[in-house]
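*Asks:* This is the structure, below, for whatever I ask next.
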Amino acid sequence: MDQSLTLMSSAHRCRKKEQRVKKNDIATLMLGIARIFLWWWLAESMIHFMYMHAIHNNEAILESVTFWTLGGLALAQVLFFYVKYLVLFGIPTMIIRLDGIEPPKLPRCVSAMYSFTGLWRNFDVGLHRWLIRYIYIPLGGSQHGLPGMMFSTAMAFGFVFYWHGGHGYLFIWAVLNWLGIIVENGVKRVLFIPSVWNIIERSMSPRMRRRAYAALASFSTAMLILSNLVFLGGIDIGKFYWNRIFVQGWPWATFTALGFLYCYAQIGMEFDRAYR
């Protein structure tokens, strides 16, 4: 008798839940459609009024602009990439939710990204889960120490390189991302050695530790943006930005860019703290 009452109660709760989902389906669908149209309109506006594709394939124009404008164009390009993927991921996400399945989260805004590790965890969440489950963990991952982690990560990025088309510029992009993750993990391992961490805790306040972390992250963010420019525009565009900002622009343009990326990292860290 008790068991039948429990089953009836569970069935009643399930029916209530189904009714609540059905009532919300239309509103959720309409909101999702409106958001996708907004993202699509923004992406189309950036193409037609800011000439996103044309400008970034014309080195003569990029050569003629100031360092300030060049930095703004680089940021606009990665933000355009983000908005485009909101549309590409938003449509299947909406359809999946209509079937009652919880899809991976939509890409996190690149303005809150300040590390290679964070980008791969939070941009294409579904791809990241797949790589971890079917390549990284089966190959041993971090269970075999730093060499095992480096090998497993290299194999994962080898698949990413092949999956995206296997072109030469994609190989450079994949290698840059692999190196970025390896360096970030290597620095993290060194900093969290007990003796090293004890020195850091004794000599730096929490606020100073955060500032130091943001300063390190500014270098990582600069390389992260550069690697994405290679992905979006090819090797020549990546070389062009490197030469303009880090070679021709040394030291003022370089340190100005790193200063802005320091603030960029602080925003990302605050975002992590607020939504953790």
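*Asks:* Taking loop as defined by DSSP and a crowding limit of 11 other beta carbons within 10 Å, which chymotrypsin sites (Phe, Trp or Tyr not before Pro) in segment 163-236 fit? All intermediate terms of the calculation are to be shown ahead of the outcome.
*Replies:* On the way: sites: 163, 169, 171, 173, 178, 192, 197, 213, 219, 231; in loops: 192.
Listed in order of number, the matching sites are 192.
*Asks:* If each of residue 88 and residue 47 carries a label point 7 Å out from its Cα toward its Cβ, how far apart are those two points in nm?
*Replies:* 1.2 nm
*Asks:* Let me ask something else. I want to check the label-to-label distance for residue 97 and residue 54. Put each point 7 Å from Cα in the C-beta direction and report it in nm to one decimal.
*Replies:* 3.6 nm
*Asks:* Take the chain, connect every pair of alpha-carbon atoms lying under 10 Å apart with a spring to form a Gaussian network, then pick out the residue of 177, 58, 198 with the largest mean-square fluctuation.
*Replies:* Answer for the Gaussian network model of the chain: 198.
*Asks:* Please check: in the Gaussian network model of the chain (C-alpha springs, under 10 Å), which one of 121, 129, 207 has the largest mean-square fluctuation.
*Replies:* Of 121, 129, 207, the Gaussian network model singles out 207 as fluctuating most.
*Asks:* How large a share of the accessible area of the chain, in percent, is made up of carbon and sulfur atoms when the probe is 1.4 Å and the other protein chains stay in place? Provide the component values of the computation, followed by the final result.
*Replies:* On the way: 11750 of 17430 Å².
That share works out to 67 percent.
*Asks:* Can I ask one more? Based on the Cβ-Cβ distance from residue 192 to residue 76, what FRET efficiency comes out when R0 is 22 Å, to the nearest 0.05? Could you put the intermediate results ahead of the total?
*Replies:* Working: r = 36 Å, r/R0 = 1.66.
My answer for the efficiency is 0.05.
*Asks:* May I ask you to give the solvent-accessible area per residue for the chain, in square angstrom, as obtained with a 1.4 angstrom probe?
*Replies:* Details: 17430 Å² over 276 residues.
Computed with neighbouring chains in place, this is 63 Å² per residue.
*Asks:* Sorted by mean Cβ packing within 10 Å, highest first, what order do the peptides 106-113, 143-150 take? Provide the component values of the computation, followed by the final result.
*Replies:* On the way: 106-113: 19.2, 143-150: 13.1.
For the peptides 106-113, 143-150, the packing ranking is 106-113, 143-150.
*Asks:* Let me see the P(r) profile for segment 156-258: every Cα-Cα distance counted, bins of 5 Å, each bin given as a percent of all pairs.
*Replies:* 2, 11, 16, 18, 16, 13, 11, 8, 4, 1
*Asks:* Helix-only estimate, please: 222 nm mean residue ellipticity of the chain, summing -39500 (n - 2.57) across DSSP H runs of length 4 or more and dividing by its residues, to the nearest 500.
*Replies:* On the way: 12 runs with 217 residues, N = 276.
It comes out at -26500 deg cm²/dmol, rounded to the nearest 500.
*Asks:* Here is a further query. Excluding same-chain pairs closer than 8 in sequence, count the lysine pairs in the chain whose Cα atoms lie under 26 Å apart. List each step's numbers first, then the result.
*Replies:* Working: 17/105; 22/105; 23/105; 84/105; 84/239.
Going through the chain pair by pair, I get 5.
*Asks:* Between residue 204 and residue 69, what is the label-point separation in nm under the 7 Å Cα-to-beta-carbon projection?
*Replies:* So the label points at residue 69 and residue 204 sit 3.9 nm apart.
The values are calculated or read from the model by the stated rules, or taken from the named source; none is laboratory data. Please read these numbers as outputs of a predicted model, since none were measured by experiment. Note: ideal-geometry Cβ built from the backbone for every residue, glycine included; neighbour counts use all protein chains shown. What goes into the accessible areas is simple: the full protein's heavy atoms, side chains included, and nothing from ligands, DNA or RNA. Shrake-Rupley method; radii C 1.70, N 1.55, O 1.52, S 1.80 Å.
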